[in-house]
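What follows is a short report on a single structure.
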Amino acid sequence: MIKARKAMLKQNNQYYWYTNISTKLVSILLFIVSSGIHSTSQSVLAISSLRNNYEEPVTDLLDKGDLAEFFDLGTGIFAAILFALSLIAYKRIKSRRILYVAIAFAIFAIRVIVSNLDLFMPEIESSSLELLLAVMGFAALGLFFLAIVRREKIRTRTMNH
């Protein structure tokens with residue numbers, strides 16, 4: 001009875017450690033994203049205030065897609081962090097459901113790299129790239145669905161007397 005209680009306390013402690021680390025990582029990522037948005041909006045205001053009446057109006061920096069690329073990169077980094085945390089949780093708990101979630105997060109992180117692949121290899125057809133991105137998104141959502149719906153088999157130990 002005492003061993004079971006100690007094991008339960010240890011497992012609860014690991015769960016709290018996992019949630020504490022993930023909360024800190026999410027907070028850091030949100031801070032980075034918000035500071036990037038703040039600096040982008042300040043630079044837009046600074047450039048807009050520099051124009052005079054004789055020049056053409058300066059185009060908005062947000063229209064160039066810089067902010068969208070910033071969020072796309074942030075999504076990839078966040079997915080990679082969640083993938084690492086999910087792998088740590090899987091190593092501790094050994095649940096297939098967490099493994100499915102970890103693989104789905106890995107797919108989302110890889111998806112960001114693949115979406116920017118045309119910048120490095122322009123010879124790749126955009127239709128092939130779009131198909132690959134759609135399949136990756138579908139696979140990740142399918143894995144999340146499996147993680148939610150699938151039931152774990154309860155393993156019980158029997159003691160032979």
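Read-outs throughout are calculated quantities, based only on the coordinates presented, and are distinct from any laboratory measurement. All values derive from a computational prediction rather than experimental measurement. Cβ coordinates were reconstructed from backbone atoms using ideal geometry, including for glycine residues, and neighbour counts include every protein chain displayed.
So here's what we get for this one:
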| quantity | calculated |
| --- | --- |
| The one condition in (1) assigned to a helix (DSSP H, G or I); (2) surrounded by fewer than 17 Cβ atoms within 10 Å (Cβ to Cβ) that Ala89 fails to fulfil | (2) |
| Residue list for the stretch 98-138, restricted to those being in contact with a Leu (Cβ under 8 Å, 6 or more places away or on another chain) and without any contact (Cβ under 8 Å) to a residue 24 or more places away in the chain | Ala102, Val114, Leu117, Asp118, Ile124, Leu129 |
| Close pairs from the stretch 139-153: first closer than 12 Å to Ala102 by Cβ, partner basic (Lys, Arg) and assigned to a helix (DSSP H, G or I), Cβ under 6 Å, at least 6 apart | Ala147/Arg97 |
| Given (1) closer than 25 Å to Asp66 by Cα; (2) under 15 Å from the mean Cα position of the chain (by Cα), number of the condition Ile103 does not satisfy | (1) |
